[in-house]
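Beneath this line is the structure, given in structure tokens, with notes to follow.
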Amino acid sequence: RANEDNEELKTLIEGQKALLAHLNAPAGLNVELQSTVEGKSFAATVKWNPETQNISLYQWQLDELTSEQVYQLWAIIDGKPVSAGLLTDLASSPVLSKINGKPATFAITIEPTGGSEAPTLDQMVVAGNVVA
């Protein structure tokens with residue numbers, strides 16, 4: 001069991017190192033996502049690095065969901081939504097993923113557990129345009 005714990009810890013540390021390098025990269029752009037829900041002060045921040053194509057969702061102010069729901073991050077590239085990861089636990093560490101292409105917009109929707117192939121537009125909670 002000690003070896004398994006060590007491997008899990010190594011994996012966690014490597015992930016945190018990669019995230020820190022991404023967040024500190026000078027080429028990265030911060031994209032502020034604002035609430036699309038009237039009366040709610042939802043917000044999130046995405047960092048996108050056009051050189052590496054890495055994105056991270058590293059700040060958010062969102063409501064807790066039921067166990068049947070999950071927040072899903074989307075990148076809108078050439079007018080098409082591309083899934084950029086799931087935020088399965090609001091207390092978890094930031095999401096780090098990779099996309100291909102230049103996003104014009106990022107958005108977060110509420111989807112069924114496991115995520116969706118396409119965003120449920122009437123369940124969009126935040127969105128923001130990439131300004132380069």
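The values are calculated or read from the model by the stated rules, or taken from the named source; none is laboratory data. Just so it is clear, the structure is predicted and the values come from calculations on it, not from any experiment. With ideal geometry, Cβ positions are generated from the backbone for all residues, glycine too; neighbour counts draw on all protein chains shown. Quick note on the areas: whole protein, heavy atoms, side chains included, nothing else; ligands and nucleic acids left out. Shrake-Rupley method; radii C 1.70, N 1.55, O 1.52, S 1.80 Å.
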Notebook entry, point to check: Tell me, which residue of region 1-34 that is modelled with pLDDT of 70 or more and of a type in the set (S, T, N, Q) is most open to solvent (accessible area, probe 1.4 Å)?
Noted result: Asn3
Note to self: Being of a type in the set (A, V, I, L, M, F, W, C), under 14 Å from Gly128 (Cα atoms), more than 12 Å from the chain's Cα centre (by Cα) and surrounded by 14 or more Cβ atoms within 10 Å (Cβ to Cβ) is true for just one of Ile77, Ile108. Which residue is that?
What the structure shows: Ile77
Checklist line | Val82 being open to solvent by 30 Å² or more (accessible area, probe 1.4 Å), in contact with a Gly (Cβ under 8 Å, 6 or more places away or on another chain), at pLDDT 90 or above and within 15 Å of Ala118 (Cα to Cα) | finding: yes
Item checked: Any chance Gly101 is under 28 Å from Glu14 (Cα atoms) and exposed (fewer than 12 other Cβ atoms within 10 Å of the Cβ) -> no
Next item on the list: Scan (1) open to solvent by 60 Å² or more (accessible area, probe 1.4 Å); (2) within 21 Å of Glu14 (Cβ to Cβ) for the single condition Glu117 breaks and write down its number.
Entry: (2)
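The rows are residues; the columns are (1) at positive phi; (2) at pLDDT 90 or above.
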| site | (1), (2) |
| --- | --- |
| Leu65 | no, yes |
| Trp74 | no, yes |
| Asp78 | yes, yes |
| Asp89 | no, no |
| Ile108 | no, yes |
Margin query: I'm trying to understand the selection: among the residues of region 111-132, which are more than 10 Å from Trp74 (Cβ to Cβ), in contact (Cβ under 8 Å) with a residue 12 or more places away in the chain and polar (S, T, N, Q)?
Written below: Thr113, Gln123, Asn129
Next item on the list: Kindly list, by first and then second residue, each pair from a residue in region 44-59 that is open to solvent by less than 10 Å² (accessible area, probe 1.4 Å) to a residue that is of a type in the set (Asp, Glu), limited to pairs with Cβ atoms under 6 Å and residues at least 6 apart or on different chains.
Entry: Thr45/Glu32
Item checked: Tally of residues being at pLDDT below 95, outside any loop (DSSP other than H, G, I, E, B) and touching a strand residue (DSSP E or B) at 6+ places or on another chain (Cβ under 6 Å) across region 110-132 -> 0
